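No value in this document is a laboratory result; all are computed from the given coordinates. Keep in mind that this is a model prediction, so the values were computed, not measured. Note that we place each Cβ from the backbone using ideal geometry, even for glycine, and neighbour counts take in every protein chain shown.
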Amino acid sequence: MDALEAKKGENILLMDIRTASAFTDYFVICTGTSHRMLDALAEGVIEEVRKKLSLKGRRDGPALAGWVVLDFGSVVVHLFAPQERDFYRLEELWGQGKVLLHLQ
């Protein structure tokens with residue numbers, strides 16, 4: 001979460017989806033205002049998790065598509081361009097989950 005804030009990610013949401021999902025425990029959802037910003041957010045999160053937790057994440061999706069996914073096993077990070085976040089509405093899709101933190 002620190003990397004997302006440091007790189008100026010917007011509307012950061014941490015959701016506990018353990019009761020709604022068998023494949024992961026938590027979602028982090030964040031908006032980036034440009035494709036470059038999505039790349040910077042992804043690189044920042046991967047670097048922070050590698051340094052602090054010694055975990056390698058798997059990145060999927062190009063920033064140009066407007067949705068980048070970082071999979072760390074029990075935590076999946078979704079980085080969206082504003083239009084894609086509005087379209088996919090993961091917060092609503094996984095509404096059974098519990099919001100643990102919401103940073104505007």
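Charge dipole of the chain (Cα centre as origin; +1 on each Lys and Arg Cβ, -1 on each Asp and Glu Cβ, all else neutral): 240 debye, rounded to the nearest 20. Using 0.36 nm per residue and subtracting the Cα-Cα separation, the extra length available between Asp2 and Arg36 on full extension is 10.4 nm.
Helix-only arithmetic for the chain: the sum of -39500 (n - 2.57) across DSSP H runs with n ≥ 4, divided by the residue total, places the mean residue ellipticity at 222 nm at -9500 deg cm²/dmol. Rg/Rh, computed from the Cα trace of the stretch 2-103 with Rh as the Kirkwood radius, has the value 0.93. Sequence-distant contacts, meaning Cα pairs under 8 Å at least 6 residues apart, place the relative contact order of the chain at 36 percent. Stretched out straight at 0.36 nm per residue, the stretch from Leu103 to Phe23 would grow longer than its current Cα-Cα span by 26.3 nm. A simple rule links phi to the HN-Hα coupling: the Karplus curve 6.51 cos²θ - 1.76 cosθ + 1.60 with θ = phi - 60°, which for the stretch 43-50 gives 4, x, 5, 4, 5, 5, 5, 5 Hz, with x for Gly and Pro.
Within the shell of other residues whose beta carbon sits under 15 angstrom from the beta carbon of Gly97, the net charge comes to -1, with Lys and Arg scored +1 and Asp and Glu -1.
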